[in-house]
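Single-structure report; data block below.
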Amino acid sequence: MSSRISNVALPGSVFLLLTLAFELAGLAGLLPPTIPRPVKVVENMVGDGAVLWLHCRSTVLTAACGYAMAIGAAFSAGFLVHQHKALETAALTIGTVLNSIPIIAVAPILIIWMGVSWPMRITLTAFLCFFPIFVGMIQGLGATERNAGELFLVLAATPAQRFWKLALPSALPYIFLGLKIAAPLAVLGALVAEWTGTETGLGVLMINAMFNFQMERLWASVLIVCILSAGSYGALSLIERVVLTADRTADGIAP
Amino acid sequence: MGRLSIDRVSKVFDIDGRQVQALKEISLELEDGQFGALIGPSGCGKSTLLRMVADILPPTSGSISIDGAHPSQARKDHRIGFVFQDATLLPWRTVLENIRLPLEIVAERDPDREKLPRELIELVGLSGFEKAKPSQLSGGMQQRAAIARSLVLSPRVLLLDEPFGALDDITRSRMNLELLRIRAETKITALMVTHSIQEAVFMADRIFVLAARPGRIADVVEVGLDRPRSFAQMSDPAFTGAVDRVRQCLFDQQAMAAIDV
Ligand SMILES: Nc1ncnc2c1ncn2[C@@H]1O[C@H](COP(=O)(O)OP(=O)(O)OP(=O)(O)O)[C@@H](O)[C@H]1O
Ligand SMILES: [Mg+2]
């Protein structure tokens with residue numbers, strides 16, 4: 001319990017101290033014009049609230065849809081690979097090759113196919129999120145205990161029953177690992193898509209603020225992006241803790 | 001029905017291109033309702049033999065039949081119950097859900113069978129722990145849950161791979177009695193691997209003593225003790241006689257092995 005508190009308290013207090021230092025430095029006139037005082041950034045977040053909210057909504061929508069699409073694709077691919085073991089190496093190789101294409105290089109290809117549009121934004125995000133979830137699926141599905149596998153064999157379970165009742169539940173810890181890695185990537189994917197010239201989104205807001213030298217707005221949108229990334233990761237950790245109750249963890253503490 | 005017949009079964013494993021004969025020409029018979037015990041040195045192929053009977057592994061040569069049919073038929077008809085050395089409960093399921101698993105897999109809605117998991121929980125003495133997760137149970141309780149699970153489809157042949165290996169003597173004796181009671185109630189045919197000579201004699205009608213390298217049957221000991229068995233019988237001359245004979249056979253092997261080396 002105490003370790004959980006210090007997990008939050010330690011980085012939290014470092015963050016607060018840094019903020020305070022910047023505020024003091026700004027008040028003393030030591031900060032360059034590119035770094036606004038934290039208080040000014042917060043003021044801007046309140047004053048610009050409506051604009052920020054509009055763009056934030058659009059980014060969250062892209063990230064969420066892309067993330068969901070990646071889960072759907074990784075899940076289907078994982079199911080297929082589990083039912084046809086021969087596909088595993090091929091699927092992982094293709095996945096690795098696709099994953100090695102820089103996301104910035106994928107964007108133009110998608111734009112040629114789909115234009116600068118919602119489907120393009122969502123697909124780009126899904127492309128970035130797919131790989132970690134897929135690898136988590138494959139590793140997890142392959143990690144079932146040998147004896148449990150033999151149990152399902154003796155019971156004459158169908159391949160589908162094996163997937164739903166054995167492989168998937170035992171893969172969950174790995175799948176959650178993939179999901180947690182992919183969640184901040186969803187925000188990144190949405191931003192990259194927005195930089196290609198969409199009309200809404202925090203990515204657009206950042207670019208415009210940069211060109212117009214609106215430092216408070218730029219820092220405010222960066223701050224929101226950080227909150228989204230960290231927040232999505234944190235939310236998933238919470239869901240993981242609820243889904244994988246204590247009996248799953250190695251130390252086996254009863255809930 | 002539950003006749004088990006193993007006819008000149010051999011198993012050769014390919015370990016990194018090297019052929020290793022795990023079992024050589026094993027033949028054994030168990031009549032319907034008989035209790036057989038397999039005993040022998042570590043690595044002589046007891047688990048392998050059980051796996052072949054359960055159709056988890058195919059024999060290299062020879063044949064196995066359960067009620068005259070191939071093991072794969074018996075397996076698909078759910079006539080085989082298997083208790084693994086470690087309980088192999090699914091940690092995310094409760095005790096009741098674990099015991100229900102075979103019913104879910106058969107997926108036929110038979111109202112009579114739906115009652116069975118709870119009755120079996122009672123039979124193995126786990127009442128009150130239906131909702132517990134395996135991690136909240138002791139090793140012996142987990143093993144009892146695994147036994148209940150192996151019985152839920154009313155198999156005709158029960159295969160047990162050192163089911164009580166990890167238990168202390170007292171729990172082990174209690175489990176032995178429980179298993180004998182279950183056997184008497186269900187008239188099931190059982191084949192159990194054990195490392196304990198006393199346990200083998202106490203439980204079995206027929207003991208198959210195996211020798212190693214290659215795994216083969218060194219002796220078959222018939223135990224002529226009345227059922228139901230009780231601990232009082234342990235001082236019976238028939239009991240001590242059988243124990244001595246099994247021990248002698250195992251020790252002779254060791255002596256031979258020493259000469260080999
Ligand atoms: N899947 C396998 N692949 C290769 N060799 C195997 C395999 N399973 C068992 N063996 C070999 O077969 C032999 C018998 O193994 P088995 O597990 O049946 O022994 P056992 O009698 O059950 O031993 P123990 O009492 O220690 O459990 C061993 O030499 C082992 O190395
Ligand atoms: Mg073994």
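The values are calculated or read from the model by the stated rules, or taken from the named source; none is laboratory data. Just so it is clear, the structure is predicted and the values come from calculations on it, not from any experiment. Please note: Cβ atoms are built from the backbone with ideal geometry, for glycine as well, and neighbour counts cover all protein chains shown. The area values use the complete protein model at the heavy-atom level, side chains included, leaving out ligands, DNA and RNA. Shrake-Rupley method; radii C 1.70, N 1.55, O 1.52, S 1.80 Å.
Overview of values
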read-out: Within the range A:35-58, tally of residues that are in contact with an Asp or Glu (Cβ under 7 Å, 6 or more places away or on another chain) and in a helix (DSSP H, G or I); value: 5
read-out: Total residues in the range B:155-166, condition away from ligand 2 (no atom under 16 Å from the Cβ) and at pLDDT below 90; value: 0
read-out: Members of the range B:70-86 that are touching a Pro at 6+ places or on another chain (Cβ under 7 Å) and at the interface with chain A (Cβ under 9 Å from one of its Cβ atoms); value: B:HIS78, B:ILE80, B:GLY81
read-out: Residues of the range A:145-164 satisfying the condition of being of a type outside the set (A, V, I, L, M) and either buried (at least 19 other Cβ atoms within 10 Å of the Cβ) or away from chain B (no Cβ under 11 Å) (or both); value: A:PHE152, A:PRO159, A:ARG162, A:PHE163
read-out: Test: A:THR245 is over 30 Å from A:ILE175 (Cβ atoms), surrounded by 14 or more Cβ atoms within 10 Å (Cβ to Cβ) and among the β-branched types (Val, Ile, Thr); value: no
read-out: Qualifying residue in the range B:120-127 (condition: surrounded by 17 or more Cβ atoms within 10 Å (Cβ to Cβ) and over 25 Å from B:SER230 (Cβ atoms)); value: yes
read-out: Count of residues meeting criterion [away from ligand 2 (no atom under 16 Å from the Cβ) and touching a helix residue (DSSP H, G or I) at 6+ places or on another chain (Cβ under 9 Å)] in the range B:1-27; value: 3
read-out: Conditions (1) within 14 Å of chain B (Cβ to nearest Cβ); (2) open to solvent by 30 Å² or more (accessible area, probe 1.4 Å); (3) within 30 Å of B:HIS78 (Cβ to Cβ); number of the one not met by A:PRO169; value: (2)
read-out: The range B:1-13 residues that are in the same structural domain as B:ARG213 (by TED's automatic domain parsing), paired with ones that are surrounded by 15 or more Cβ atoms within 10 Å (Cβ to Cβ) and among the basic types (Lys, Arg) (beta carbon under 6 Å, 6 or more apart); value: B:MET1/B:ARG156; B:GLY2/B:ARG156; B:SER10/B:LYS24
read-out: Some residue of the range A:227-234 being closer than 27 Å to A:ALA74 by Cα and outside any helix (DSSP H, G or I); value: no
read-out: Residues located in the range B:99-108, provided they are at the interface with chain A (Cβ under 10 Å from one of its Cβ atoms) and either farther than 18 Å from A:ALA160 by Cβ or in a loop (DSSP other than H, G, I, E, B) (or both); value: B:ALA107
read-out: Filtered residue count, the range A:119-161, keeping only those that are part of a helix (DSSP H, G or I) and farther than 30 Å from A:LEU191 by Cβ; value: 13
read-out: From A:GLY203, A:GLY189, A:GLY197, A:GLY178, residue being closer than 26 Å to A:THR123 by Cβ and touching an Asp or Glu at 6+ places or on another chain (Cβ under 8 Å); value: A:GLY203
read-out: Complete set of residues in the range B:1-20 that are within 16 Å of ligand 1 (Cβ to nearest atom) and open to solvent by less than 70 Å² (accessible area, probe 1.4 Å); value: B:ILE6, B:VAL9, B:SER10, B:LYS11, B:VAL12, B:PHE13, B:GLY17, B:VAL20
read-out: Only listed residue being among the aliphatic types (A, V, I, L, M), open to solvent by less than 50 Å² (accessible area, probe 1.4 Å) and more than 15 Å from ligand 1 (Cβ to nearest atom), chosen from B:LEU30, B:LEU38, B:LEU23; value: B:LEU30
read-out: Members of the range B:192-243 that are within 16 Å of ligand 2 (Cβ to nearest atom) and polar (S, T, N, Q); value: B:THR194, B:SER196
read-out: Lone qualifier among B:PHE35, B:PHE84 - being under 29 Å from A:THR158 (Cβ atoms) and either at pLDDT 95 or above or within 16 Å of ligand 2 (Cβ to nearest atom) (or both); value: B:PHE84
read-out: Residues of the range B:49-86 that turn out to be surrounded by 17 or more Cβ atoms within 10 Å (Cβ to Cβ) and away from ligand 1 (no atom under 16 Å from the Cβ), as a count; value: 9
